[in-house]
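Chemist: This structure is in structure tokens; I'll ask about it shortly.
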Amino acid sequence: MILPRKSKYYVAAFALLGTLFSLAPLVIQWANYTSPIYAFENSFVVDKFSIILKGLFILITYLTFLLSINFIESDKYYQGEYYYLLLSSLLGALIVSSSRDLLTIFIGIELASTPMFLLSGWKKGDRKSNEGAIKFFLLGVLSASLILYGFSLLYGLSGKLVFSEISSHLLSASLANSPVVLLSAILVISGIGFKISVVPFHSWAPDTYEGAPLPVTAYLSVSSKATGFVALIILLTKVFAGSGSSWGIILVIISGLTMTLGNLVALQQNNPVRLLAYSSISQAGFILAPIAISGITGDYQDGIFASVTYLIIYAFMNLGAFLSVHLFSNYAGSTNFYEWGGVARKSPLAGVLTTVFFFSLAGIPPLGGWFAKFVVFRSLLGSANSIGIALGVVGAINAVIALVYYARISKVIWMDEPKSINEEKIFQFENPLKVVGVFTVLITFVSGIFPGIFSYLGEVSSIFFGN
Amino acid sequence: MTGIIISLLIVPLFSALLVFMIPNSRKEIFRPIGIVFSLITLTQCFYLLFSDYGKTKFVILSNYKWIQSYGLEISLGISGMSTLLLLLTSLLVCVSLLSIGNEHAESKGFIGSLLALHFAINGVFISGDLISLFIFFEALLIPMYFLMGIWGGENRRYATIKFILYTVFGSVFIFIGTVYAAVISYGANGALAVDFDSLASLALTSSQSKTLFLLFTFGFLIKVPIFPLHTWLPDAHVEAPTAGSILLAGVLLKVGAYGILRVSIPFFTEGFLAYKNFVAVLSVIGIIYGAIVAIAQIDIKKLIAYSSVSHMGYVMLGISAGGYLSIEGAIIQMINHGITAGALFMLVGFLYERRHTRNISSFGGIKITMPRYAAIFLFTSFASIGLPGLNGFVGEFMILMGSFNSYKFLTSIAAFGVVLAAIYMLWAYQRIFTGPISNEKNESLKDLDIRETLSIVPLVLLMLFIGIYPSYIESFVIQEAGFISETIALFKDIK
């Protein structure tokens, strides 16, 4: 921020290097890892689970920066502040994944989401951007207050801040299923529900996604969502573990509704960003499903494994999908994807990438999405619980519905007759964007063909739950 | 042996990547590369056919640890039926590469997608576990999507989406079935083992077996396709480019029947016994319905597409009768239909390249200008009808003989399908080839050139060979058909 306007170019490079360098301590921590390290009176922990998630957040942010470089330079945007705010949000996400007490996690959640209020309104001249930012801000504040209210109930009951102490207090006083704890759980779920945009807390997402600059939207739909999920997982399994059967049911209903509503509305969209917004709402339903069922069965380890695996695969393929939308909407100059007829012929590389990402989101093997779906369905059917199987059926129906709109975009870009193609116009596919494309496509393929790499996560989630 | 099996995957995949990497300035070598590599695969298949595994039931030859903590393994294996289908696939890929016109042969994407399709189909036939079967089953949609969607006919967008949606709708059931089977296996073995050996040793309850049978069979039946799930087929066949239609009719339809023989019946036998009558009724409806609709078609490709519905009905009838002879007939009919339908689509493709229409009424009397073409077409039509001495007869006769004991009434009705087949094929032949030349554009038609003749002749020879020496091809499937029918018989006894 302090650099003069002329040298703003260095800001991007600095931010990129900074994020990349911050991976180094993670690698060192990973290499020297023996047992979880607690700090600040048990309110902060470094375990394998948090290291993996931190790695994920840092990579996502790095890719978002790459997406942003050309975009931010293309118009009169504030550059320094842009990177500063994204980095602050990253810091919040990193705090969340290690937090073990109420204050730390609240600060983490808010630090991750507050910069996004500003960033989503970054296109100052655009009414839609302003509208989206205001909606996001109002609902974001509401969600923060809901979370705080939930926390205050917990604190009032137990007088403790650290999760392990709260949950042992709740257990020893056999309060786990008392109405107050349930109310607190519902408040927390609703509050975080806004962050992860599940039905019925999703209404801000499409407008905000549409209005925000595209790299910010990508970040919102991937990193912010992941932060919310991580916070939810930590809170539900560390604090509310005892009352799983109650919040499990609530989450099952939310998850089923989220999948179905998100999908059905996505079918109607012609704006690719809104389509991705609704599709990511629907995907959130899938991510939520295993946690919900694990609440009912009590097998948290399995639920966390399935959800986090889905989350990681989803993060990269969804980033890739936003990249494709960014490329094509820039080229075609239209926000109605039905007008993108035949654009893939201008850049077969971009066309193939797009097809890969959208087919992967639909869950077609050998792309990563299928393994994500596999672990989720395995966790649902493996629960041997009629509710789990019912949710599995809902999920299966939704998987088919989703294919319709995912396949539609690649149909348009490959097969439709060119309408808006201007032969003279050059298809812009800048190098930073190519890096993003190749990186995400690699991860999408590798996670589909060698899903064995995720088996490590199974072990890690057991470590997470063991401490 | 393991090396050969893996190379069945690697060679097509490598050739597809190779084609994609050659610059467009050397477009004339795309086709030779494809042909050479599919000939390599063809040779490997012949080697397999005459090896120890060319006549057995399914044997798993190699296992690879895939997801260790789940105990999930990738298993690859081979059997008599698989080998024959692999052979058919390589042959059809090879001749369709030879048969296509230059417009497609010089397109990198087209040849590359075709070879990628070859890779995925090979994968289906050598999969030794449910997961890899599912993955390859789905993976073949991606090249097919491009083949149909980019190089297809006028209405290709609608047809492609319909094809993809139908198939994926079925695949979701297969997917859920796979996960369910894995979960049951986890309860029994402590590992998500879904390879065919572990599945065979799984003790399923009656309701589990029925559920799993329904899940898998529904997915496979869409692919076969059985009446009333067949409506994607005419659109897909008509709109796909010639090479796509050849592989679609020749091999992809067999993938469904293969899945039922490989997975649904041996592992979920109780479910099969509960629902086989239902499947049999649907297949006979399909035989008659497909044939009657074929009579009414004015588009040659659509006519052949509906005839496929009818012919695959025989396969399903043979499978659901469940006897030794009928299952053997069904496997042989799968191979035979692959050859004849592939040849018919290729022939229609030749005509389409010359005239850019497939409308029967725009032809007439072209026997005069294209005598060689007319002779081959007539020969292939006879094979398709099931004239004794040609391949079509063998499979249908065995199916009808084998099914008669179980379904006297249904089989009698199904036999009428043969008569209807004669009507639609010969009537079409009459309208296209005989009489005076009714359209002056047909006066200057060129007969088949050497390349085209070379690509159809192997198929014609096979029709003749299987027709006069059926016991040779039978010898490769005896053990496998015996194994499947014994599994069914054994289960009946236990009940």
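Quick note: the coordinates plus some simple rules give every number you see, no bench work behind them. In this text, all values refer to a predicted model and were calculated from it rather than measured experimentally. Note that we place each Cβ from the backbone using ideal geometry, even for glycine, and neighbour counts take in every protein chain shown.
Chemist: On a C-alpha basis, how far is the centre of segment B:3-61 from the centre of segment A:346-366 in Å? Whole number, if you could?
Modeler: 26
Chemist: Hey, another quick one. Looking at this model, which pairs from A:123/A:434; A:225/A:434; A:225/A:425; A:225/A:411; A:124/A:373; B:108/B:302 are more than 30 angstrom apart at the alpha-carbon?
Modeler: Too far apart for the 30 Å limit: A:225/A:425; A:124/A:373.
Chemist: Return the whole-Å distance between the Cα centroid of segment B:107-134 and the Cα centroid of segment B:248-327.
Modeler: Each part's Cα centre sits 23 Å from the other's.
Chemist: Treating only the Cα positions of segment B:25-118 as identical point scatterers, give the base-10 log of I(q)/I(0) from the Debye formula at each q in 0.12, 0.13 Å⁻¹.
Modeler: These q points yield log10 I(q)/I(0) values of -0.52, -0.59.
Chemist: Ignoring solvent entirely, what values of log10 I(q)/I(0) come out of the Debye formula for segment A:240-467 at 0.14, 0.16, 0.17 Å⁻¹ when each Cα is a single scatterer?
Modeler: Here the Debye-derived log intensity ratios amount to -0.84, -1.03, -1.12.
Chemist: Ok, one more. How far, in nm, would the chain grow between residue A:74 and residue A:456 when pulled straight, counting 0.36 nm per residue and subtracting the alpha carbon separation?
Modeler: Details: separation 382, 0.36 × 382 = 137.52 nm, distance 4.18 nm.
This chain segment gains 133.3 nm when fully extended.
Chemist: Averaged over its residues, how many other protein chain Cβ atoms are within 10 Å of peptide A:393-399's Cβ atoms? Walk me through the numbers before you get to the answer.
Modeler: Working: counts 1, 0, 2, 7, 2, 1, 6.
The shielding value for this peptide is 3.
Chemist: Taking the mean number of other Cβ atoms within 10 Å as a proxy for protection, how do you rank B:461-467, B:197-203 from highest to lowest?
Modeler: Values: B:461-467: 18.1, B:197-203: 15.6.
Descending packing order for the listed peptides: B:461-467, B:197-203.
Chemist: Rounded to the nearest 0.05, what FRET efficiency do residue B:29 and residue B:457 have when you use their Cβ-Cβ distance and R0 = 25 Å? Please report the intermediate quantities before stating the final value.
Modeler: Numbers: r = 24 Å, r/R0 = 0.96.
Rounded to the nearest 0.05, the efficiency is 0.55.
Chemist: Largest first and to the nearest Å, give the Cα extent of chain A along each principal axis.
Modeler: 74, 54, 43
Chemist: Another question, if that's okay. Could you name the lysines whose alpha carbon sits less than 18 Å from that of residue B:301, not counting residues in the same chain fewer than 8 places away?
Modeler: Correct list for residue B:301: B:162.
Chemist: A further question on this structure: ³J(HN,Hα) across segment B:26-32 via Karplus (A = 6.51, B = -1.76, C = 1.60, θ = phi - 60°), whole Hz, x for Gly/Pro?
Modeler: For segment B:26-32, the Karplus-derived couplings read 9, 5, 6, 9, 4, 5, x Hz, x marking Gly and Pro.
Chemist: Which whole-Hz ³J(HN,Hα) couplings does segment B:292-305 yield from phi under the Karplus relation 6.51 cos²θ - 1.76 cosθ + 1.60, θ = phi - 60°, glycine and proline marked x?
Modeler: Coupling constants for segment B:292-305: 5, 5, 4, 4, 7, 6, 10, 9, 4, 5, 5, 4, 5, 4 Hz.
Chemist: Give the aspartates and glutamates reachable from residue B:27 as a straight Cα distance under 19 Å; neighbours fewer than 8 places away on the same chain don't count.
Modeler: Hits, sequence-local ones excluded: B:103, B:106.
Chemist: While we're looking at this one, here's another question. Could you go through segment B:439-455 in sequence order and give the Karplus-derived ³J(HN,Hα) for each residue, using 6.51 cos²θ - 1.76 cosθ + 1.60 with θ = phi - 60°, rounded to whole Hz, and x for Gly and Pro?
Modeler: Karplus-based 3J(HN,Hα) across segment B:439-455 equals 10, 5, 5, 7, 6, 9, 5, 8, 6, 4, 8, 5, 4, 5, 4, 4, 6 Hz.
Chemist: What's the exposure ranking of B:138, B:103, going from fewest to most Cβ atoms within 10 Å? Spell out each step's value before the answer.
Modeler: Numbers: B:138 23, B:103 11.
Ascending Cβ contact count within 10 Å gives the list B:103, B:138.
Chemist: Where the only charges are on Cβ atoms (+1 Lys, Arg; -1 Asp, Glu), what is the dipole of the protein assembly as shown about its Cα centre, to the nearest 20 debye?
Modeler: Numbers: 55 positive and 47 negative charges, 226 e Å.
That gives the protein assembly as shown a dipole magnitude of about 1080 debye.
Chemist: Here is a further query. What order do you get for B:116-127, A:438-449 when each peptide is scored by the mean count of other beta carbon atoms within 10 Å, highest first?
Modeler: Working: B:116-127: 26.5, A:438-449: 19.0.
Taking the mean over residues of other Cβ atoms within 10 Å, the ranking is B:116-127, A:438-449.
Chemist: In nm, to one decimal, how far is the modelled label at residue A:330 from the one at residue B:408, with both set 7 Å along Cα→Cβ?
Modeler: Here the answer is 7.5 nm between the modelled labels.
Chemist: Report the one residue of B:272, A:283, B:84 whose Cα lies farthest in the direction of the positive end of the charge dipole of the protein assembly as shown (charges on C-beta: Lys and Arg +1, Asp and Glu -1; origin at the Cα centre).
Modeler: Farthest towards the positive end: A:283.
Chemist: In nm², what is the average projected area of the convex hull enclosing the Cα atoms of chain B? Display every interim value, and only then the final one.
Modeler: Details: hull surface 85.6 nm².
Mean orientational projected area (chain B, Cα hull): 21.4 nm².
Chemist: As an exercise, take the mean of 1/r over every pair of distinct alpha carbons in segment B:280-495, invert it, and state the Kirkwood radius in angstroms. Before the final figure, lay out each step's value.
Modeler: Numbers: mean 1/r = 0.0558 Å⁻¹.
Taking every pair of different Cα atoms in segment B:280-495, averaging 1/r and inverting gives 17.9 Å.
Chemist: Using only the alpha-carbon atoms, what does segment B:1-158 span along each of its principal axes? Please give whole angstrom values in decreasing order.
Modeler: 45, 35, 28
Chemist: Here's another thing I want to ask about it. Once the Cβ-Cβ distance between residue B:479 and residue B:200 is put in as r, and R0 is 22 Å, what FRET efficiency do you end up with, to the nearest 0.05?
Modeler: Values: r = 16 Å, r/R0 = 0.71.
Efficiency at R0 = 22 Å is approximately 0.90.
Chemist: Per DSSP helix of 4 or more residues, -39500 (n - 2.57); summed, then divided by the residues of the protein assembly as shown. What does that give at 222 nm, rounded to the nearest 500? Mind showing how you got there, number by number?
Modeler: Values: 40 runs with 710 residues, N = 962.
That comes out to -25000 deg cm²/dmol.
Chemist: Here is a follow-up. How large is the dipole of segment A:240-467 about the Cα centre if only Lys and Arg carry +1 and Asp and Glu carry -1, each at its Cβ, rounded to the nearest 20 debye? Each step should come with its number before you reach the end.
Modeler: Working: 10 positive and 9 negative charges, 51 e Å.
The calculated dipole for segment A:240-467 is roughly 240 debye.
Chemist: Whole angstrom only: what separates the Cα centroid of segment B:364-431 from the Cα centroid of segment A:238-264?
Modeler: Answer, in whole Å: 58.
Chemist: Based on a Kirkwood Rh over C-alpha pairs, give the Stokes-Einstein translational diffusion coefficient of the protein assembly as shown at 4 °C and viscosity 1.567 mPa s in µm²/s.
Modeler: Numbers: Rh = 29.7 Å.
It comes out at roughly 44 µm²/s.
Chemist: Right, something else. Using a basic spin-label model with each label point 7 Å from the Cα along Cα→Cβ, how many nm lie between residue B:158 and residue A:442?
Modeler: Taking the simple label geometry, residue B:158 and residue A:442 are separated by 4.4 nm.
Chemist: Tell me the relative contact order for chain A as a rounded percent, counting alpha carbon contacts under 8 Å between residues six or more apart.
Modeler: Relative contact order here is 15 percent.
Chemist: Also: Ignore the peptide's own chain and count Cβ atoms of other chains within 10 Å of each Cβ in A:404-416; give me the average, rounded.
Modeler: On the way: counts 4, 0, 0, 8, 1, 0, 3, 8, 1, 0, 6, 11, 2.
Whole-number average of other-chain Cβ neighbours for A:404-416 is 3.
Chemist: Further question on the same structure: Bin all alpha-carbon pair distances of segment A:206-275 at 5 Å intervals from 0 and give each bin's fraction as a whole percent.
Modeler: P(r) for segment A:206-275, in whole percents per bin: 3, 14, 16, 20, 19, 13, 10, 5, 1.
Chemist: On a 24 Å Cα-Cα criterion, which of the cross-link pairs A:195/A:238; A:346/B:223; B:55/B:254; B:276/B:408; B:223/B:276; A:135/A:195 come out too long?
Modeler: Working: A:195/A:238 19 Å; A:346/B:223 34 Å; B:55/B:254 19 Å; B:276/B:408 15 Å; B:223/B:276 18 Å; A:135/A:195 13 Å.
Table pairs above 24 Å Cα-Cα are A:346/B:223.
Chemist: Let me ask another. Once the cut-off is 20 Å, how many percent of the Cα-Cα pairs in segment A:106-178 end up in the long-distance tail? Don't jump to the answer; show the numbers that get you there.
Modeler: On the way: 1269 of 2628 pairs.
Value for segment A:106-178: 48 percent of Cα pairs lie more than 20 Å apart.
Chemist: What spacing in nm lies between the two simple spin-label points modelled at residue A:107 and residue B:47, each 7 Å away from Cα in the Cβ direction?
Modeler: The answer from the label model is 6.7 nm.
Chemist: First measure r as the distance between the Cβ atoms of residue B:493 and residue A:10, then evaluate 1/(1 + (r/R0)^6) with R0 = 51 Å and state the FRET efficiency to the nearest 0.05. Present the calculation step by step, with values, prior to reporting the outcome.
Modeler: Details: r = 81 Å, r/R0 = 1.59.
The value I calculate is 0.05.
Chemist: Please arrange B:209, A:88, A:68 by how many other C-beta atoms lie within 10 Å of their C-beta, fewest to most. Display every interim value, and only then the final one.
Modeler: Numbers: B:209 21, A:88 16, A:68 25.
Exposure proxy ranking, most exposed first: A:88, B:209, A:68.
Chemist: Then there is this: Based on the mean of other beta carbon atoms within 10 Å per residue, what is the order of A:366-374, A:258-266, most packed first?
Modeler: On the way: A:366-374: 26.9, A:258-266: 22.6.
My ranking of the peptides, most packed first, is A:366-374, A:258-266.
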